[in-house]
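Read the figures in this text as sums done on the coordinates, not as results from a lab. Owing to the predicted nature of the structure, the values given are computational and were not obtained by experimental measurement. So basically every Cβ, Gly included, is an ideal-geometry build from the backbone, and we count neighbours across all protein chains shown.
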Amino acid sequence: MDSQFGLINMWTQGDIVTRAVALLLLGMSFASWMVIIIKALDLRRAMSQSRATESFWHSADFADGLAKLGADPSNPFRQLATEGREAAAHVLHLDGAAKPQLHDSLDLSDWVTRSLRNSIDDSTGKLQSGLAILASVGSTAPFVGLFGTVWGIYHALLAIGAAGQATIDKVAGPIGETLIMTALGLAVAIPAVLGYNALVRGNKSVLTRLNRFAHDLHAYYVTGARVPTAANANRNVVPMKKGG
């Protein structure tokens, strides 16, 4: 592109406001792409971890089941299993706490449900962290670019007025350069919006699997058996020993 009408010319001929808008759009683009990449990797890892839950139920005991879930302490499915185990052991005084406590008025089902729900809420917060950045960039970047366009057109009109003539060669360059700001705003906003929607869909899938796993864990800790479903009714699930 000719240096007289390109991005370089826009930067060199622009004032401090034009440059500030360009830098702001660049920063917003960098932040949104960082969030998209990091959250996409986290989502991929969570989906991979969710596939180990079926192997968990075919384990000989709880310790073997945890080993199949993996050793990653940030694994939301492993955290869910350990939270449920600790909740069941605590309410049944299997952890050595023999003194009466307030939770003694709750039955095992309520206490385990509360603990599993808290673990899911924590995992939900981690999955959704960073999405606010994408939402903010997607909604504000076009307007930031539009501001840069309006500011540039204003200064282009002032320059044309000072020159006393508005021929095509005088107007095309300055107006075209200012419209680049609108294009930059859209170039920043569109990936942020698409990334946000894709991550939200992926998070919903992970949360659905977390809730399904929590439902099975709740049944296991309360009744000692996994809830039968169409997916596992015909499978020989080995009963796990409580504890581990």
Stretchable slack from Ile175 to Arg212, in nm (0.36 nm times residue separation minus alpha-carbon distance): 7.7 nm
Exposure proxy ranking, count of Cβ atoms within 10 Å, fewest first, for Leu184, Leu217, Leu207: Leu207, Leu184, Leu217
Computed FRET value (nearest 0.05) for Leu194 with Phe143, which takes r as the C-beta separation and R₀ as 25 Å: 0.85
Approximate spin-label separation Lys204-Met47, in nm, with each point projected 7 Å along Cα-to-Cβ: 1.5
Chain lengthening between Val150 and Asp110 when straightened (0.36 nm per residue, less Cα-Cα): 8.5 nm
Using θ = phi - 60° and Karplus 6.51 cos²θ - 1.76 cosθ + 1.60, couplings along segment 144-156 (whole Hz; Gly, Pro as x): 5, x, 5, 4, x, 5, 4, 5, x, 5, 4, 6, 5
Efficiency of FRET between Ala219 and Ser55 - r from beta-carbon atoms, R0 25 angstrom, step 0.05: 0.90
FRET efficiency estimate (nearest 0.05) - Cβ-Cβ, Ala187 to Ala71, R0 25 angstrom: 0.05
Ranked list, fewest to most other Cβ atoms within 10 Å of each Cβ, for Met28, Met34: Met34, Met28
